[in-house]
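Notes to accompany the following structure.
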Amino acid sequence: AMEQEDAIRQELGSLHGIPLYKSFIEGWPQVKAFQARPDDLLISTYPKSGTTWLSEIMDMIYHNGDVEKCRRDAIYNRVPFLELKVSKSLCGVDQLENTPSPRLVKTHLPVQLLPTSFWEKDCKIIYMARNPKDVVISYYYFHQMAKIHHDPGTKAEFLENFMAGKVPYGSWYDHVRGWWEKKREKKILYLFYEDMKKDPRQEVQKILQFLGKELSERTVESILHHTSFQEMKKNPAANYETMLPTLMDHSISPFLRKGISGDWKNHFTVAQNERFDQHYQELMAGSDLCFQMEL
Ligand code: A3P
């Protein structure tokens, strides 16, 4: 418990210019030297973009829709978090080294910081992006409940910091664009949270095709049911409620908070929205990357 005290309410450090938790930066040499295996599948996202949702879907696919097998452990252990470093015992790289293949690996790293071994081994990668307005609201509540973060301040202040990239993992704009560009040359399936909300069956089919895997209609049906927001919210293996209370306080805001597209409309003022849109246009100019801000 003493070790974890060091990991709560941290100031951010800087990893090659990217704001990140200091305890993660301390663990960086081990992450940088990480040895990927050719059959690793990497789940890459900017925080709050549906990582846990995609992780549960992937674990279900890997276990042919066997719900019981997917209850074997909490999602953060079934899909270890590569750069996680909270204490000696809570370390993603150590956890991954003890995970049998084929492994599912979670990361939030911007593309330029991904350990080179993933490229050398030509690992499959699935990236999931979510519209920035919902991301920033989700991130704001996450800062309050996940105690690795310092106080996010007011919503208005947090919005400014997000737009300026002064949040853990830095600029959302650079993150989504960086991974989008990489898709031209590498095996990356680029998905959107909003598409998954709109037509999860179609997105699961895209994943299966990417994996070169076939599942029966019944199995796909069971995966869709098990990974719905309502099911995941009540599943202790998926909802993070088994995390140490010193690290997350679900009474402040549950990890599975709302799970919708367009919740930002309940939070942004008209002026904030106009400012955000203008800034978005400037930073996303020249990109063919498109986001649905609501459904
Ligand atoms: P909200 O805070 O908007 O509710 P991550 O896993 O990357 O941290 O993302 C967390 C966000 O994904 C949260 O968004 C959470 O509710 C949402 N989420 C998790 N599981 C989901 C599901 N099955 N369906 C829809 N959204 C889900």
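Values in this text are rule-based calculations from the coordinates and carry no lab data. Just so it is clear, the model here is predicted, and its values are computed rather than measured. No Cβ is skipped: glycine too gets one built from the backbone with ideal geometry, and neighbour counts run over all protein chains shown.
Descriptive notes on the structure:
- Residue check: Tyr140 meets all listed conditions (1) within 15 Å of the ligand (Cβ to nearest atom); (2) within 28 Å of Met60 (Cβ to Cβ); (3) among the aromatic types (Phe, Trp, Tyr) but one, namely (2).
- Within the option set Arg201, Arg130, Arg218, being surrounded by fewer than 19 Cβ atoms within 10 Å (Cβ to Cβ) and in contact with an Asp or Glu (Cβ under 9 Å, 6 or more places away or on another chain) holds for one residue only, Arg201.
- Lys124 vs. criteria touching a helix residue (DSSP H, G or I) at 6+ places or on another chain (Cβ under 9 Å), buried (at least 23 other Cβ atoms within 10 Å of the Cβ) and within 30 Å of Cys290 (Cβ to Cβ): no
- Contacts under 7 angstrom Cβ, first residue in the range 138-150 being of a type in the set (Ser, Thr, Tyr), partner outside any loop (DSSP other than H, G, I, E, B), 6 or more apart: Tyr139/Phe162; Tyr140/Lys155; Tyr140/Phe158
- Close pairs (8 angstrom Cβ cut-off, 6 or more residues apart or separate chains): of a type in the set (S, T, N, Q) in the range 209-238, away from the ligand (no atom under 15 Å from the Cβ) anywhere: Thr219/Asn64; Thr219/Gly65; Ser222/Gly65; Asn235/Arg71
- Test: residue in the range 177-195 that is of a type in the set (Gly, Ala, Ser) and either more than 30 Å from Glu157 (Cα to Cα) or touching a Phe, Trp or Tyr at 6+ places or on another chain (Cβ under 8 Å) (or both): no
- Residues that are in contact (Cβ under 8 Å) with a residue 12 or more places away in the chain and within 27 Å of Lys198 (Cβ to Cβ) occur in the range 79-102; there is at least one.
Each row is one residue, and each column tells you yes or no for (1) away from the ligand (no atom under 12 Å from the Cβ); (2) more than 17 Å from Arg78 (Cα to Cα); (3) surrounded by 14 or more Cβ atoms within 10 Å (Cβ to Cβ).
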{"site": "Thr227", "(1), (2), (3)": "no, no, yes"}
{"site": "Gln230", "(1), (2), (3)": "no, yes, no"}
{"site": "Asn235", "(1), (2), (3)": "no, no, yes"}
{"site": "Leu244", "(1), (2), (3)": "yes, no, no"}
{"site": "Leu247", "(1), (2), (3)": "yes, yes, yes"}
{"site": "Ser253", "(1), (2), (3)": "no, yes, yes"}
{"site": "Arg257", "(1), (2), (3)": "no, yes, yes"}
{"site": "Ser261", "(1), (2), (3)": "no, yes, yes"}
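- Checked against the criteria, Asp59 does not count as free of Cβ contacts under 8 Å to residues at least 12 places away in the same chain, touching a helix residue (DSSP H, G or I) at 6+ places or on another chain (Cβ under 9 Å) and either closer than 30 Å to Leu211 by Cα or in a loop (DSSP other than H, G, I, E, B) (or both).
- Only one entry of Lys85, Lys121, Lys147, Lys69 meets the criterion of being within 16 Å of the ligand (Cβ to nearest atom) and either under 14 Å from Ala36 (Cα atoms) or more than 13 Å from the chain's Cα centre (by Cα) (or both), and that entry is Lys147.
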